[in-house]
Amino acid sequence: ETGVTQTPRHLVMGMTNKKSLKCEQHLGHNAMYWYKQSAKKPLELMFVYSLEERVENNSVPSRFSPECPNSSHLFLHLHTLQPEDSALYLCASASGGESDTQYFGPGTRLTVL
Amino acid sequence: GNSVTQMEGPVTLSEEAFLTINCTYTATGYPSLFWYVQYPGEGLQLLLKATKADDKGSNKGFEATYRKETTSFHLEKGSVQVSDSAVYFCALSDRRAAGNKLTFGGGTRVLVKP
């Protein structure tokens with residue numbers, strides 16, 4: 001399944017670094033999502049974009065900054081992260097409207113040292 | 001608010017055994033229901049879905065029926081293979097919310113031994 005791609009697949013960063021995660025969808029969808037998956041915790045929805053506008057921000061710390069320049073691309077800018085931010089970050093997209101199926105990318109495994 | 005509860009794993013089975021993973025939900029309105037599967041080192045893949053009561057979703061030998069009266073969407077497979085070893089997530093979609101949010105259960109790890 002190559003409908004939703006994420007880069008990089010693995011990222012190791014120090015707490016003072018600035019990095020960005022990239023997500024691209026090739027499905028013509030209008031909605032995009034960032035999720036955080038930590039060990040032994042349920043999937044956490046972080047941000048939702050619909051038609052390039054942020055419609056959901058689930059009390060995510062400001063050290064995570066999303067950007068959706070167009071309907072095909074979604075970024076998650078990271079700065080001054082903490083070790084507890086180490087997790088798998090998953091991007092998803094959906095067509096919106098009546099079809100509510102979300103399609104996920106493979107994720108970026110982030111390790112914060 | 002919406003919530004999804006699924007049985008905790010890990011569930012360990014022998015090849016060709018019958019698999020059931022229970023999932024119950026709480027929601028206002030009439031959500032769509034999903035099962036996603038996550039293989040080791042990968043993202044989530046849609047396994048099957050059902051959009052209204054009594055609908056049955058099926059894929060790759062897996063089935064689940066949307067039971068409104070019991071608010072359940074249990075996943076079943078009659079004969080599992082080693083390749084079915086993965087984490088399975090039950091989820092519901094609140095179509096009334098902007099962006100069609102998904103609410104996930106905690107996931108059930110399934111290990112199939114040869």
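What's the Cα-based Rg to Rh of the protein assembly as shown, Rh via Kirkwood?
0.97
Computed packing ranks the peptides A:58-64, A:22-28 as A:22-28, A:58-64, most packed first, by mean other Cβ atoms within 10 Å.
Quick check: net charge around A:Ser71, other residues with Cβ under 15 Å of its Cβ, Lys/Arg +1 and Asp/Glu -1? Please report the intermediate quantities before stating the final value.
Details: positive: A:Lys22, A:Arg54; negative: A:Glu24, A:Glu52, A:Glu53, A:Glu67.
With Lys, Arg at +1 and Asp, Glu at -1, the neighbours total -2.
Electrostatic tally near A:Gln6: other residues with Cβ closer than 9 Å to its Cβ, Lys and Arg +1, Asp and Glu -1, net +1. Taking the average, over residues, of other Cβ atoms within 10 Å as the packing measure, peptides B:31-44, A:36-49 rank B:31-44, A:36-49 from highest down. Peptide B:41-49 is shielded by partner chain Cβ atoms: per residue, an average of 5 of them sit within 10 Å of its Cβ.
The DSSP beta bridges internal to chain B are antiparallel in roughly 90% of cases. Counting only other chain Cβ atoms within 10 Å of each residue's Cβ, the peptide B:101-108 averages 5.
For the range B:13-114, the Cα-based Rg and Dmax, in that order, read 13.6, 45 Å.
Once you average over the residues of A:100-109, how many Cβ atoms of partner chains fall within 10 Å of each Cβ?
Working: counts 14, 9, 10, 4, 7, 3, 5, 5, 1, 1.
Counting Cβ atoms of other protein chains within 10 Å of each residue's Cβ and averaging gives 6.
Cysteines in the protein assembly as shown lacking any other cysteine Cβ under 4.7 Å from their own Cβ: A:Cys68. Karplus-derived 3J(HN,Hα) values for the range A:11-27, using 6.51 cos²θ - 1.76 cosθ + 1.60 with θ = phi - 60°, are 8, 10, 9, x, 5, 9, 6, 10, 9, 9, 9, 10, 10, 9, 10, 10, 10 Hz; glycine and proline are entered as x.
Kirkwood hydrodynamic radius of the range A:38-113, from the reciprocal of the average inverse Cα-Cα distance over all distinct pairs: 13.6 Å. The protection proxy used here, the mean number of other Cβ atoms lying within 10 Å of each residue, ranks peptides B:15-26, B:102-113 as follows, highest first: B:102-113, B:15-26. Summing charges over all other residues whose Cβ lies under 12 Å from the Cβ of B:Leu48, with Lys and Arg as +1 and Asp and Glu as -1, gives +1.
Each reported figure results from applying straightforward, stated rules to the coordinates on display, with no laboratory input. Predicted model only: the values in this text are computed from it and were never measured. In this analysis, Cβ positions are derived from the backbone assuming ideal geometry, glycine residues included, and neighbour counts consider all displayed protein chains.
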